[in-house]
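Nothing in this text is a laboratory measurement; each read-out follows from the coordinates by a stated rule. Source: prediction; values computed, not measured. Here the Cβ positions follow ideal geometry from the backbone for every residue, glycine too, while neighbour counts run over all protein chains shown.
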Amino acid sequence: MEVDSVFYTDHSGRITSNPLLDQLPSYQSLLYRRKSSASGSKRRTSSSRSTSGSSGSGKWGVHTFHKNKDKHHNPVEERPIREWAKPMAEKRRDKAQRLEEASKLSSWKQWRQSTQRTLRRLRDEAQEWLSSLKLWRADIHQIEGMFGTGILSYFSFLRFLVMLNLIIFLLMFSFVMLPIIIAPSASGNITFEIDYESNCSKYPSSARRGLVIFHEHITDLLSGGGFLEQTYLFYGFYQVNQIHFPNIKYNLALAYLMTTIAYLFLSLIWIVKRSALGFKRNLVQDEDRFQSFCNKIFAGWDFCITNENAASLKRSSLLYELRTDLEEERIKQKIADRTRKEKCRIYLIRFILNIFVIGVLAGCFYSIYVATIFSQEAQLLNIKVNFIVDLMYEYLPSIVITLANFITPLLFSVIINFEDYSPAFEIRFTLMRCVFMRLTSIGVLLFSLWSQITHCKDETCICGYNHELYSCWETRVGQEMYKLTVFDFIIIVAVTIFVEFPRKLIVRHCDCGLAKWWGQQEFSIPQNVLEIVYGQTICWIGTFYCPMLPAICTIKYFFIFYIKKVSLLKNCRPATRPFRASSSNFFFLAVLLIGLALACLPVSVSVAQINCSQACGPFVGYNTSWEVLPTAVSELPTGVRSVIEALSSEAFAVSFFVVTCLAMFYVIALAGAHKKVINQLREQLVLEGRDKRFLIQKLSQAQRLSPTSQSQHRSSSNGNRNSSRMSPSDRMSPSYHTSFSNNFNEGLFLAHSPPDTSTHV
């Protein structure tokens, strides 16, 4: 879009050139940059001058005349009238103008426009209907109204996990469980490929026989053993290789593997898609240090809050954020003023404390390893003492992991106070340590299990694993994931009932100083998010070994929503250290993405490296679970097989990697260009403020130098007295405002120009 010239309009309506605009700070700054840039072309210089004229003083009435401006191609005209930010009278005039223009169109164009309006209306109604069907819609609106968008983000994240686990369960049910269920009714033949004469194929059942005591059923229900081991719940039940329907041969082993890859890939795509919007918003807002204090004071209020207590808490939250920003500025100044001796001292303290943290983590991981080995040996040796001790043997790894996850965050929050970081970095660094502790503990548990599974008494394992103790090791891993899921839910319920509720009663009804110092339980958003991310990571890992685990996690998170809601409304209060709602969604999904990456690692190792069980499961007859895929590809027609082999070749992999790198570099360059434009717009805002001050100063100087200023000053007192005696109707008359405007803006009237729509960020 080309610009011819820059003009201004005086009070008489004449359009003349404005030499005052050349003195604006924004224009002078542009001239300085243009002179310093000797490599700029003539076209770039003229474009920069026109841009500065419209951006530097556009708000003060610079009229910019554009060439080839066609209003019929304005994208704003395509929007519905109700979406325009205009008064109702202007909307009615625009609607009448549209109807008049539509009457002049041909019948074909009129029919097309009416069809587009009808389809748009149907789309809007469908979106409203789908939004009304969202799970917990009313509950989430209630939480948003009482506590704001910060805590709302946690419950929205919990709803996302419920829907994700439901979709994963539907995938496993449709492609793995349903074919086995409908095979007898559809006259299908189920093929088993198990060599019962082989030592590797012995699979003793753990189901109890004879008279069973009641508490043994409870033990089986909590541990996944006994009668639950031979159900659809675990991997060992699916002792099927192929299902032959009347005209279809269904390869269950291939379906099992491909469904596992599908739910992991689906989770990745869904998380990345949801986090893309939050990442863009977080990228812009993290860099927004321009007038941060003014933004918090004048634009930081959450107007979704309707509860009085929540409003006071939000006020405290804003005050805390202001104090945090001031503390960060103070720490930055303190860091800049540090001497070399002080730097060496603080770096030494941080080094020692990080060594201590590593030692604590190593101790926790070693405790998990020892507890896992002890629990496995006690179960394999069938040590029975009593109901409580047997349960402790079953849940010993889960108990140790839970204790480690409870103690280490408290220890990390104390240690971080001595490391002299900024308040915002303290929160992020503590959370990353907790994330590492929670997610790595699952990896240590799996490593401990696999060290037992792949360890044989002899030097070499005949079956590739310890078939004497772990005849179906996938089921044993699935039972551990099942126990972790159940125990995690029990801990959440127990903490709510036996810790948070009694604490609330003590704080409310006890007037002692210790109770007041203890205070009411805080609803810490990051810590609660880490709990459900920890549980979701277990679900992703355990779904391969326990196909019904996504359904269990769906039910678990469904009840956790109501437990957390009741706890928030009755027992807890929002945290004094707020977690910004603008960055919370992105942080939640980033941590969830870390959990997904960690879950893919053990599943990939077990599928591709560890020998699968020869006594149970759909992969009997294969050395590893991955071998079913090359075998299925070899049975395909020649053309399809050649295409798949070409896609899996090294040449295609290298080419795809190069293209992906180029696309990534392009996106990075585009993001850098957008960031540069954002910085230029911020500088433009600063320059516009300076332009305002400059124009006000020039206006006041013109009024002081005007020959009629003294007479106006002498008559101002009489005018004020006369205006005070005026009636309200006289003050509202046009003549009064005309005289006041002429006295105030003598010699200069700046008209307001519309913003330039050619600039896109």
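The separation of the stretch 223-240 from the stretch 606-674, counted between C-alpha centres, amounts to 30 Å. When the charge dipole of the stretch 472-513 is built from unit charges on Cβ atoms (+1 for Lys and Arg, -1 for Asp and Glu) and taken about the Cα centre, the candidate among VAL493, LEU505, TRP473 whose Cα reaches farthest toward its positive end is LEU505. Each residue of the stretch 105-115 is assigned a 3J(HN,Hα), and the resulting list reads 7, 6, 5, 5, 5, 5, 5, 5, 5, 5, 5 Hz, derived from the Karplus form 6.51 cos²θ - 1.76 cosθ + 1.60 (θ = phi - 60°), x at Gly and Pro.
Values of log10 I(q)/I(0) for the stretch 625-706 across q = 0.13, 0.16, 0.25 Å⁻¹ run -0.72, -0.82, -1.09, by the Debye formula with one identical scatterer at each alpha carbon and no solvent. For the stretch 75-132, the fraction of C-alpha pairs farther apart than 15 angstrom is 62 percent. Here, the stretch 359-499 yields an orientationally averaged convex hull projection of 10.9 nm² when only Cα atoms define the hull.
Share of pairwise Cα-Cα distances greater than 14 Å in the stretch 114-185 is 74 percent (whole percent). Between the stretch 475-503 and the stretch 355-403, what is the C-alpha centre distance in whole Å? Spelled out, the Cα-based centre of one part sits 15 Å from the other.
Remark on PHE523: its backbone amide H falls under 5 Å from those of ARG573, ALA575, a criterion applied only to residues 5 or more positions apart or on other chains, H modelled at 1.01 Å from N. Taking amide hydrogens as placed 1.01 Å from N in the peptide plane, the amide H of GLN242 sits under 5 Å from those of THR191, LEU252, each at least 5 positions away in sequence or on another chain. Across the stretch 344-350, computed HN-Hα scalar couplings (Karplus, 6.51 cos²θ - 1.76 cosθ + 1.60, θ = phi - 60°) run 4, 5, 5, 5, 5, 4, 5 Hz from first to last residue, x flagging Gly and Pro.
Across q = 0.34 Å⁻¹, the stretch 636-675 modelled as identical point scatterers on its alpha-carbon atoms has Debye log10 I(q)/I(0) values of -0.97, in the order of the q list. Taking a sphere under 14 Å around the Cβ of ARG92 and counting the other residues whose Cβ falls inside, with K and R at +1 and D and E at -1, yields a net charge of +3. Taken over the Cα atoms of the stretch 438-521, the convex hull encloses 126 Å³ per residue.
Other residues with beta-carbon under 12 Å from the beta-carbon of LEU361 carry, at +1 per Lys or Arg and -1 per Asp or Glu, a net charge of +2. Working note: Karplus 6.51/-1.76/1.60 with θ = phi - 60° gives the stretch 386-393 the couplings 8, 4, 5, 5, 4, 5, 5, 4 Hz, where Gly and Pro are set to x.
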